[in-house]
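The values are calculated or read from the model by the stated rules, or taken from the named source; none is laboratory data. Bear in mind the structure is a predicted one, so any value in this text is a computation, not a measurement. Cβ sites come from the backbone with ideal geometry, for glycine too, and all protein chains shown count toward neighbours.
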Amino acid sequence: MRTQKFHKTECGVDFLINILPSEEIKEGYLKKETYDTDYLEIIFFKKGSGHIILNHNKITIKDNSIIFISPFQKREWNLNPDGLDFIVLVFQEDFLNDFFSDKLFTYRLLYFYQLAYPLYMQLDKPLVERYYSLLAEIKLELIKTRTDSVHIIRSLIYYLLQKLNREYAEKHHLAIEKNQHNDAFQFKQLIEAHIKEKQRINDYTELLNINRIALNKAVKEQFNVTASHLLKQRLLVAIKDYLIHSNLTVGEIAFQLNFSEPNHLMRFFKTQTGITTTDFLNEYQNGSNT
């Protein structure tokens with residue numbers, strides 16, 4: 001499976017960010033292939049129909065909808081080319097973390113690294129058009145750089161991402177004022193980095209240098225789930241990725257994910273989903289899981 005990497009383009013500044021209109025890139029989004037990227041994407045559809053398979057779920061594309069994709073999430077597009085009009089904001093995580101001097105910035109945004117809620121939302125047409133205008137302004141600063149462009153880009157990007165965060169929170173009834181638990185966000189960051197080799201809460205309490213009770217309290221207050229639940233959710237996504245997108249056997253997947261025995265992985269999977277790995281694959285291939 002292909003991993004698409006971020007490439008610096010014609011932009012006049014050395015930022016790991018770009019704004020890509022559909023007329024320049026839509027051919028790549030019309031290919032029916034499964035791939036991932038090493039960067040974050042927000043796709044704004046002014047006009048669009050079809051669907052995307054993302055995180056093993058089918059998301060229907062409609063006019064005035066927005067899709068959020070985190071690094072290395074597997075996706076497959078199936079778009080109708082007629083009347084397609086979208087624009088994509090792409091950037092690497094380090095860009096945001098360095099740009100705003102906050103190594104956890106992307107983890108504070110509700111729509112990235114999201115496991116429990118949909119990775120899309122639909123908005124009113126005037127609001128999407130306003131976002132289009134903001135993106136056009138950022139693109140202009142990227143191409144026609146001036147000495148103060150960095151400050152303008154920083155303010156516009158920050159405003160855009162936070163406005164989207166507010167909209168996402170309102171759409172999915174999430175709280176955005178609970179944003180003070182750094183241990184919870186660091187835990188989420190560490191899960192992304194180490195899920196293949198670390199599946200015990202104690203592994204993460206050691207990395208964070210806090211005790212299990214303190215970690216669970218921070219995660220519960222921030223995300224309204226236990227630390228164990230969050231870890232199991234992410235591990236389940238990793239297993240599903242291997243099952244769908246690799247040719248590995250269950251035994252080989254168990255080895256990749258540091259399970260001591262294949263039976264332990266199969267037991268974990270059935271406990272979390274209610275079905276076996278074989279049943280999951282059959283349902284996915286027949287379209288039942290999408």
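Just need a number here: residues in the stretch 168-209 that are charged (D, E, K, R) and within 18 Å of N97 (Cβ to Cβ).
In the first step, residues of the stretch 168-209 are kept if they are charged (D, E, K, R); the result is 170-171, 177-178, 183, 188, 192, 196-198, 200, 203, 206.
Those still in the list that are within 18 Å of N97 (Cβ to Cβ) too: 183, 188, 192.
Total meeting the criteria: 3.
Output the residues belonging to the stretch 54-81 that are within 27 Å of N286 (Cβ to Cβ), under 13 Å from the mean Cα position of the chain (by Cα), hydrophobic (A, V, I, L, M, F, W, C) and part of a strand (DSSP E or B).
L54, I67, I69, listed by residue number.
Can you pull out every residue in the stretch 55-110 that is buried (at least 18 other Cβ atoms within 10 Å of the Cβ) and touching a His at 6+ places or on another chain (Cβ under 7 Å)?
Within the stretch 55-110, I59, I61, K74 qualify.
Just one of (1) under 24 Å from I153 (Cβ atoms); (2) touching a Gly at 6+ places or on another chain (Cβ under 8 Å); (3) of a type in the set (D, E, K, R) trips up D63, so point out which.
Result: D63 fails condition (1) only.
Could you say which residue among S228, S155 is assigned to a helix (DSSP H, G or I), assigned by TED's automatic domain parsing to the domain that holds G274 and surrounded by fewer than 16 Cβ atoms within 10 Å (Cβ to Cβ)?
Criteria check complete, one pass: S228.
For residues in the stretch 185-204 being charged (D, E, K, R) and surrounded by 18 or more Cβ atoms within 10 Å (Cβ to Cβ), which is nearest to A254 (Cα to Cα)?
Filtering the stretch 185-204 for residues charged (D, E, K, R) gives 188, 192, 196-198, 200, 203.
Then keep just the ones that are surrounded by 18 or more Cβ atoms within 10 Å (Cβ to Cβ); that gives 188, 198.
Numbers: K188: 22, K198: 13 Å.
In this case the residue turns out to be K198.
For the stretch 1-53, what are the residues that are part of a loop (DSSP other than H, G, I, E, B), surrounded by fewer than 18 Cβ atoms within 10 Å (Cβ to Cβ), of a type outside the set (D, E, K, R) and modelled with pLDDT of 90 or more?
If the condition is that a residue be part of a loop (DSSP other than H, G, I, E, B), surrounded by fewer than 18 Cβ atoms within 10 Å (Cβ to Cβ), of a type outside the set (D, E, K, R) and modelled with pLDDT of 90 or more, then L30, S49 are the ones that fit.
For the stretch 74-117, how many residues meet the condition of being farther than 20 Å from I61 by Cα and among the charged types (D, E, K, R)?
6
May I ask you to list pairs of residues, at least six apart or on different chains, whose Cβ atoms are under 7 Å apart, with the first in the stretch 136-150 being not assigned by TED's automatic domain parsing to the domain that holds L20 and of a type outside the set (V, I, T) and the second being buried (at least 18 other Cβ atoms within 10 Å of the Cβ) and assigned to a helix (DSSP H, G or I)?
Qualifying pairs under 7 Å: none.
Among L89, L96, L115, L110, which is the only one that is part of a helix (DSSP H, G or I) and in contact with a helix residue (DSSP H, G or I) (Cβ under 8 Å, 6 or more places away or on another chain)? Walk me through how you get there before you give the answer.
Numbers: L89 fails: part of a helix (DSSP H, G or I); L115 fails: part of a helix (DSSP H, G or I); L110 fails: part of a helix (DSSP H, G or I).
Of L89, L96, L115, L110, the one residue that is part of a helix (DSSP H, G or I) and in contact with a helix residue (DSSP H, G or I) (Cβ under 8 Å, 6 or more places away or on another chain) is L96.
Does L174 count as over 19 Å from V88 (Cα atoms) and either of a type in the set (F, W, Y) or assigned to a loop (DSSP other than H, G, I, E, B) (or both)? Explain how you work it out, then say what you get.
On the way: over 19 Å from V88 (Cα atoms): yes; either of a type in the set (F, W, Y) or assigned to a loop (DSSP other than H, G, I, E, B) (or both): yes.
Taking the combined requirement at face value, the residue satisfies it.
Conditions (1) within 20 Å of the chain's Cα centre (by Cα); (2) modelled with pLDDT under 95, marked per residue:
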| position | (1), (2) |
| --- | --- |
| S155 | no, yes |
| E170 | yes, yes |
| A175 | yes, yes |
| K198 | no, yes |
| E206 | no, no |
| N209 | no, no |
| K220 | no, yes |
| F223 | yes, yes |
| S228 | no, no |
